[in-house]
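*Asks:* The following block contains the structure, expressed as structure tokens.
The values are calculated or read from the model by the stated rules, or taken from the named source; none is laboratory data. Fair warning: this is a prediction, and the values are worked out from it, not measured in the lab. In this analysis, Cβ positions are derived from the backbone assuming ideal geometry, glycine residues included, and neighbour counts consider all displayed protein chains. Just so you know, the surface numbers come from the protein's heavy atoms only, side chains and all, with ligands and any DNA or RNA stripped out. Shrake-Rupley method; radii C 1.70, N 1.55, O 1.52, S 1.80 Å.
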Amino acid sequence: MAANSVARAGVRRPGRAGLVRRALDSEQFNGWAFVTPGVALILLFGAVPIVWSAVTSFQKSTLLGSSTPFVGLSNYRQMVHDPIVAQAIQHTLIYTAIFVPGTMIVGLFLAVAMNRKIRFISFYRTAAYATMAISTISEAIVFIWLFDPSYGIVNYVFDKVGLPQQQFLNSPSEALYVIAVMTIWGWTGFAVVVYLAALQGVPQTLLEAAAIDGCGPWRTFRKVTLPLLSPASLFLAVWLTINALQLFDEVYLSTQGGPLNATTVLVYYLYEQAFQNFNFGYASAIAYFLFLITIVITVIQFWAGRRFTYYRS
């Protein structure tokens, strides 16, 4: 009893002001103080629109009036019977099937060519990555000029070598492939940087051992280098696929979905429904359908990647 009395008399508990001061001086408070603005921005411009669009997908909303009646799954059922949605899905998948492997193959080829000690190699690497620094607007203007049916350089070269003239972006059968070429050129620099970093991480001892065993350059690349690049390949496949499914800028700037809806992809059709027809409920349903497609394809890629991806310990 006496000891407790002495302890109470000798040690004073900190008051409320002391507790507040201690909390303000703690590392946890400082950490949350730095994180809170970023979290608030993410919630405001990320989480809130996601939840709002999910609710809107079950409503008939135009954002022009206060009436937003609940229609249940009506917007999703409408997609099943919308022929333009079917066309947009087909165009999106065709574009993805061309863009993703095309970018990876070209990027790998250039990365292998630049993974050596030659003169001006820094200039070549900078030039390869420069495609990522060019804005989409500039990229679209350049390719519209290159592939113009009347005065474009590509048709001029075709004429010189005796090939028939093409309509390119004005042709329903060619426009989507021109956009694929445009975006492959624009994203090649990104693939080059990723593959070049992965190539420089390949142990030289393995390459030397393969050479001692009698493997030629091509066999060494196929049996040693390529498997060691599989993590980079999986990353690029997933990242480029997500970007391909969200194709919009190039279509909007070059063809605006034409000619005859030949380049209408899901995101561009979503844009038309939301900001031209003001059918925000239907557009939100398309957005969540695209989100579902993206999730399914990404899961399949990771599942398949487990069988072909080699991680070095």
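*Asks:* Tell me, yes or no, whether the range 230-249 has at least one residue that is of a type in the set (Asp, Glu), buried (at least 18 other Cβ atoms within 10 Å of the Cβ) and touching a helix residue (DSSP H, G or I) at 6+ places or on another chain (Cβ under 7 Å). Quick ask: steps written out before the conclusion?
*Replies:* Taking the range 230-249 and keeping what is of a type in the set (Asp, Glu), we get 249.
Now drop any that are not buried (at least 18 other Cβ atoms within 10 Å of the Cβ), which leaves none.
No, because not a single residue in the range 230-249 is of a type in the set (Asp, Glu), buried (at least 18 other Cβ atoms within 10 Å of the Cβ) and touching a helix residue (DSSP H, G or I) at 6+ places or on another chain (Cβ under 7 Å).
*Asks:* Another one. I'm told residue 295 meets every condition in (1) at pLDDT below 95; (2) open to solvent by 30 Å² or more (accessible area, probe 1.4 Å) except one. Can you identify the failing condition by its number?
*Replies:* (1)
*Asks:* Restrict the check to the range 90-99 and report whether at least one residue is at pLDDT 95 or above, touching a Phe, Trp or Tyr at 6+ places or on another chain (Cβ under 8 Å) and either open to solvent by 80 Å² or more (accessible area, probe 1.4 Å) or under 29 Å from residue 193 (Cα atoms) (or both). Spell out how you get there, then give the answer.
*Replies:* As a first pass, look at the range 90-99 and keep what is at pLDDT 95 or above: 90-99.
Adding the requirement that they be touching a Phe, Trp or Tyr at 6+ places or on another chain (Cβ under 8 Å) leaves 98-99.
Checking which are either open to solvent by 80 Å² or more (accessible area, probe 1.4 Å) or under 29 Å from residue 193 (Cα atoms) (or both) leaves us with 98-99.
Checked against the condition, which is being at pLDDT 95 or above, touching a Phe, Trp or Tyr at 6+ places or on another chain (Cβ under 8 Å) and either open to solvent by 80 Å² or more (accessible area, probe 1.4 Å) or under 29 Å from residue 193 (Cα atoms) (or both), the range 90-99 yields at least one hit.
*Asks:* Looking at residue 188, is it among the polar types (S, T, N, Q), touching a Gly at 6+ places or on another chain (Cβ under 9 Å) and in contact (Cβ under 8 Å) with a residue 12 or more places away in the chain?
*Replies:* Values: among the polar types (S, T, N, Q): yes; touching a Gly at 6+ places or on another chain (Cβ under 9 Å): yes; in contact (Cβ under 8 Å) with a residue 12 or more places away in the chain: yes.
Taking the combined requirement at face value, the residue satisfies it.
*Asks:* Of all residues in the range 263-287, which are in contact (Cβ under 8 Å) with a residue 40 or more places away in the chain and surrounded by fewer than 18 Cβ atoms within 10 Å (Cβ to Cβ)?
*Replies:* Answer for the range 263-287, where residues must be in contact (Cβ under 8 Å) with a residue 40 or more places away in the chain and surrounded by fewer than 18 Cβ atoms within 10 Å (Cβ to Cβ): just 278.
*Asks:* Considering the range 50-67 alone, what residues qualify as being within 9 Å of residue 281 (Cα to Cα) and either open to solvent by 90 Å² or more (accessible area, probe 1.4 Å) or of a type in the set (Val, Ile, Thr) (or both)?
*Replies:* 55, 56, 60, 62, listed by residue number.
*Asks:* If you don't mind, there's one more thing I want to ask. Could you say whether any residue in the range 240-252 is farther than 19 Å from residue 106 by Cα, free of Cβ contacts under 8 Å to residues at least 24 places away in the same chain, out of contact with any Phe, Trp or Tyr (no Cβ under 7 Å at 6 or more places or on another chain) and not in a loop (DSSP other than H, G, I, E, B)?
*Replies:* Taking every residue of the range 240-252 in turn, none turns out to be farther than 19 Å from residue 106 by Cα, free of Cβ contacts under 8 Å to residues at least 24 places away in the same chain, out of contact with any Phe, Trp or Tyr (no Cβ under 7 Å at 6 or more places or on another chain) and not in a loop (DSSP other than H, G, I, E, B).
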